[in-house]
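The structure appears right after this line, and notes come after that.
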Amino acid sequence: MTDLRIRAATPGDLDSVLAFWKTAAEGTSISDDRDGVARLVARDPEALILAEREGELVGTVIAGFDGWRCHLYRLAVHPQRRRLGIGSALLAAAEERFTRLGGRRGDAMVLERNATAHHAWRAAGYTPEEQWRRWVKPLTA
């Protein structure tokens, strides 16, 4: 896929990313709003990675690094563009970022009910760790 462009998101991409997630991402997040994504891009300008083909947004991944652990979120590929290597290209960019920053292991947030994603993550070399469970507490009312 030589015409695929991988780049970091900019503040000008926020609206298109949010619209894209409504089409391509499975589920929603409490942070799926303009302010939440703007804070991400402002705090860590390389964390939100985009894939574009012929000027069209076709994929995203958030590659967050807190100085200790590498976290992957929002790996999403446009439904009509799946199985073309876009997800693999995004993960390769994320993993390169993590390696450059000194990260040693990536972990991904994957919905339990999203069987399609399970296949994609396994194909990329990721495996579930059954002994761990995510615990959450919303911080806003």
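The values are calculated or read from the model by the stated rules, or taken from the named source; none is laboratory data. Computed from a predicted model, the values in this text were never measured in an experiment. Cβ placement follows ideal geometry from the backbone for every residue including glycine, while neighbour counts extend to all protein chains displayed. With ligands, DNA and RNA removed, areas are computed over all heavy atoms of the protein, side chains included. Shrake-Rupley method; radii C 1.70, N 1.55, O 1.52, S 1.80 Å.
How many nm separate the modelled label positions at Tyr126 and Glu54, each set 7 Å beyond the Cα in the direction of the Cβ?
For the pair Tyr126/Glu54, the computed spacing is 2.9 nm.
So with the 1.4 Å probe, I'd like the accessible area per residue for the chain, rounded to whole Å².
I get 68 Å² per residue for the chain.
Expressed as a rounded percentage, what relative contact order does the chain have, with Cα pairs under 8 Å and six or more residues apart?
With pairs under 8 Å counted, the relative contact order is 21 percent.
Just checking my list (i) 10.1; (ii) 7.4; (iii) 9.0 against mean projected area of the Cα convex hull in nm² computed from this structure; which label fits?
It is the one labelled (iii).
What's the extension gain from Asp15 to Arg134 if we count 0.36 nm per residue and subtract their Cα-Cα distance?
Between Asp15 and Arg134, full extension yields an extra 40.0 nm.
Of all accessible surface on the range 51-141 at a 1.4 Å probe, what whole percent is carbon and sulfur?
52
So how far apart, in nm, are the two label points at Ser31 and Thr99 if each is 7 Å from Cα heading toward Cβ?
2.5
Compare Glu46, Glu54, Glu129 in a GNM of the chain, Cα atoms joined below 10 Å, and give the one with the largest fluctuation.
Per the Cα network of the chain with a 10 Å cutoff, Glu129 tops the list.
Quick check: residue separation of Arg82 and Asn114 times 0.36 nm, minus the Cα distance between them. What number comes out in nm?
10.1 nm
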